[in-house]
1. Hey, which residue of D has the C-beta nearest the axis mapping D onto B, and what's the distance in Å?
2. From the phi of every residue in the range D:238-249, what ³J(HN,Hα) in whole Hz does the Karplus formula 6.51 cos²θ - 1.76 cosθ + 1.60 yield, where θ is phi - 60° and glycine or proline is x?
3. How large is the convex hull of the Cα atoms of the range D:210-254 per residue, expressed in Å³ as a whole number?
4. So what is Rg over Rh here for the range B:145-254, counting just Cα atoms and using Kirkwood for Rh?
5. Restricting attention to the alpha-carbon atoms of chain B, what are Rg (one decimal) and Dmax (integer), both in Å?
6. Take peptide B:64-75, look around each residue's Cβ out to 10 angstrom, count Cβ atoms belonging to other protein chains, and average those counts.
7. Which whole number gives the average, over all residues in A:16-22, of C-beta atoms from other chains lying within 10 Å of the residue C-beta?
8. Could you give the accessible area per residue of chain C, probe 1.4 Å, as a whole number in Å²?
Protein chains: 4
Amino acid sequence: MKIDLNCDMGESFGVYRLGFDEEMMPHITSANIACGFHAGDPIVMERTISLAKSHGVSAGAHPGFPDLVGFGRRSMELTPHEVRNDLIYQVGALSAFAQIEGLSLQHVKPHGQFYNLAAKDEHMSRSICEAILALDKNLILVALSGSKMAEIASKSGLKVAREAFADRAYHRDGSLVSRKTEGSVIHDPKRVAERVIRMVQEGKVQSIEGDLIDLEVDSICVHGDTPGAVDLARAIRGNLEGAGITALPMGKFL
Amino acid sequence: MKIDLNCDMGESFGVYRLGFDEEMMPHITSANIACGFHAGDPIVMERTISLAKSHGVSAGAHPGFPDLVGFGRRSMELTPHEVRNDLIYQVGALSAFAQIEGLSLQHVKPHGQFYNLAAKDEHMSRSICEAILALDKNLILVALSGSKMAEIASKSGLKVAREAFADRAYHRDGSLVSRKTEGSVIHDPKRVAERVIRMVQEGKVQSIEGDLIDLEVDSICVHGDTPGAVDLARAIRGNLEGAGITALPMGKFL
Amino acid sequence: MKIDLNCDMGESFGVYRLGFDEEMMPHITSANIACGFHAGDPIVMERTISLAKSHGVSAGAHPGFPDLVGFGRRSMELTPHEVRNDLIYQVGALSAFAQIEGLSLQHVKPHGQFYNLAAKDEHMSRSICEAILALDKNLILVALSGSKMAEIASKSGLKVAREAFADRAYHRDGSLVSRKTEGSVIHDPKRVAERVIRMVQEGKVQSIEGDLIDLEVDSICVHGDTPGAVDLARAIRGNLEGAGITALPMGKFL
Amino acid sequence: MKIDLNCDMGESFGVYRLGFDEEMMPHITSANIACGFHAGDPIVMERTISLAKSHGVSAGAHPGFPDLVGFGRRSMELTPHEVRNDLIYQVGALSAFAQIEGLSLQHVKPHGQFYNLAAKDEHMSRSICEAILALDKNLILVALSGSKMAEIASKSGLKVAREAFADRAYHRDGSLVSRKTEGSVIHDPKRVAERVIRMVQEGKVQSIEGDLIDLEVDSICVHGDTPGAVDLARAIRGNLEGAGITALPMGKFL
């Protein structure tokens, strides 16, 4: 039994520091590295690639909307063509730093509202999948488990890692509970770690409405910039190993 | 006898148009494509790569300082490490668009003050050369003929295209006459075309002081955004062919 | 009978030139000057303020979304607080250039999607109106005639200039016909000029559906960056004067 | 006996936090607020103005070079005209937030390399002084004590606050010891506080070479983003009061 643990990384910028990258690296298997649009810069990108390499963590691109002040969290009405080209640009930029270190990128995970909007828009999803396939057919797309985008990516022949969120509540229909809703984020490390085990072992999660729902998952997203993030990641990783589940970069088993 | 004709391209941005890219393409052999820092954006980059491809023009990266409002023409005191990483980022981003079109980049030509400052700074030149070699040892660096950078690049094992400027006056020591000096730019198309022939056939140019100086040249830079640019490029290309000189992408003969 | 003619100005950026600012100035009475977020920069802003002053044209701020590559034409999901502060920032920056020239700003006209989204959102409109009142109660807000924003601004005690578009088709309900629809833009200068006269004299316009609808108007927007823009502005201004209508900066009669 | 204590503030940006603004405010008398070019954004600017107001701290503009990724610490070769207009733009933007809160800006202190380069360049200094005078003749320019800029500003009729650095070592000629030199920053709070007392009471400081040199000072700069910054500020403020020196906003006594 295998699972990938992914985390957003390299979101510092210039003098600004964000996230516990160094402390998180020992506990994860895949790093989603910001590419300079919503966060990150050429110095940070190189440092993060190098940090991932030294921990045996596989590196992927984490492209975002061109909105640094909004950290890529504000919806922008880009055309599918703009979304596609913004992704190609960012993946290309990060690839060069990987190349310099003798690495290839393992995956692409869109960031923030880029992830959310693209996931729902068929035309946009299709355009992104075609671009990734044209860039490198070995690149894995990380997509919300059960989403339109995961489905379109699979059909297009692209490798997909179905993603679940360790500490986020799910609705009965498999969608994430909005962060504005009470109970949307689960803070108890023990409960989070147990949920993760169940997701991996049984492919199930208990929804906020109480039902047990199906949730196929190849990669678990852990946060790297919240208080307690490092402890939570350590707990999840420890529990997985205690349960005989191997944490591995997604590229090793997909 | 062979020569490359290079021109800066893809310097439009968003709604802003700059340069006669479509009109220039038939007359040149190598396009230096802006990468988003001093000019260019992901839509413009894709369009320019595609335009170059359709004309059989070889594509190269034209990375600049991160200064859009100053168009990369203002000196910035970057560290060699920052310069190197800004270059890697930009070359990587453009490479991805080339890849999507089934092309490889042929060359890298730093833009504006990036070109000027890096050319004089040994430490910076060395750091740039190492980065390009690590990225792709087939990439050619376009450097001012006779410059420190051309010398360092050659010694480092990097392929170098020694560049001369068709319409710029030279000093007796091989340096360019400052644009602020009277006579620094030659406007007469006939005279420019004749100078180019002499550069290619004899490896010589008449300096502003009157002497005939040596100038080894693999590629001639023509401007693409000045009034008369297209006519000048046509005249140069026509004269070269009239003199039995073949205009070819630098990658074909270096 | 009096009317204001407004035009977007100062939308150049760095080396990039946009719009026929110098040629348009003699024909208009109010200039909406970009403030650096969607277009414009500190050099362009100063030049445009100075150009307006020399033509006796009144200057106003034309704040946009923080999206240079998208020219402020892409929707961004900003909070009312972000919208308000982005507006305050931009109006303040332009005011300083006006102050240096011994001028006060006459008006504020949001740009592109900022104009469109704010106009429909009550909460946003209210937040913008309060901010403008707090900045300077003499500032006039230019708002689409008949819009929610025009209504809210009036109620808040803010001076409002109700705006109509010289060359844009209207629906029967007073809304603008989408640019994607056939016939949304009227290109015939004669017809445009006649429509303008009717708007001013009768407060009416013929909708695309054929009905004659009411349209109260204090200011007519003319475009300054399209082919034929200068001729169209000249025709409108000439026809207004021929019909005995005085073109005046909105601040002179509101 | 009176002295001002100034501190750089509002240097956060979007999700990024920098500096102990809230903790520093009780200990200072003037806040230099970033204006969005090297740091700061419209939300941060408003928050910082409001924070200063609530502590009775006087607000000033802290304009920087247009280089967010370099935090305005990298030299940029701007023309005096560009420097002047970048300053006007930023001061104007911040002024608007002050205005909304019913405040006027008290001072202008250029940031980082803007401060360093402008201070040495007569032409640039003159152009900056004229601009500030034209904007508001009550604005105080904060300039390095003994610098060319302080001299030019005084002669131009501009109010000047001569600034000294609490924890930085000085050379015998009154210039600051480069941060790259051993001993350039003094870390011992007690020693820093004693130096400050001596600067204020005697107008003298001991140089790194050992001599006691003259140093006229109206305002002491304390840092707000280093470890121990808050304790250092508290110690300085406490010692000043213990020595019977009143800490007051510069505008109250200049």
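1. D:MET76, 3
2. Along the range D:238-249, the couplings run x, 4, 4, 5, x, 8, x, 9, 8, 8, 9, x Hz.
3. With only Cα atoms used, the range D:210-254 gives 118 Å³ per residue.
4. 0.96
5. Looking at chain B, its Cα Rg and Dmax stand at 16.8, 49 Å.
6. Per-residue shielding by partner chains comes out at 6.
7. Other-chain Cβ atoms within 10 Å of each residue's Cβ, averaged: 3.
8. Per residue, chain C has 38 Å² of solvent-accessible surface.
The values are calculated or read from the model by the stated rules, or taken from the named source; none is laboratory data. All values reported here derive from a predicted model rather than from experimental measurement. Ideal geometry is used to build each Cβ from the backbone, glycine not excepted, and the neighbour counts take in all protein chains shown. All accessible areas refer to the heavy atoms of the entire protein, side chains included, with ligands and DNA or RNA removed. Shrake-Rupley method; radii C 1.70, N 1.55, O 1.52, S 1.80 Å.
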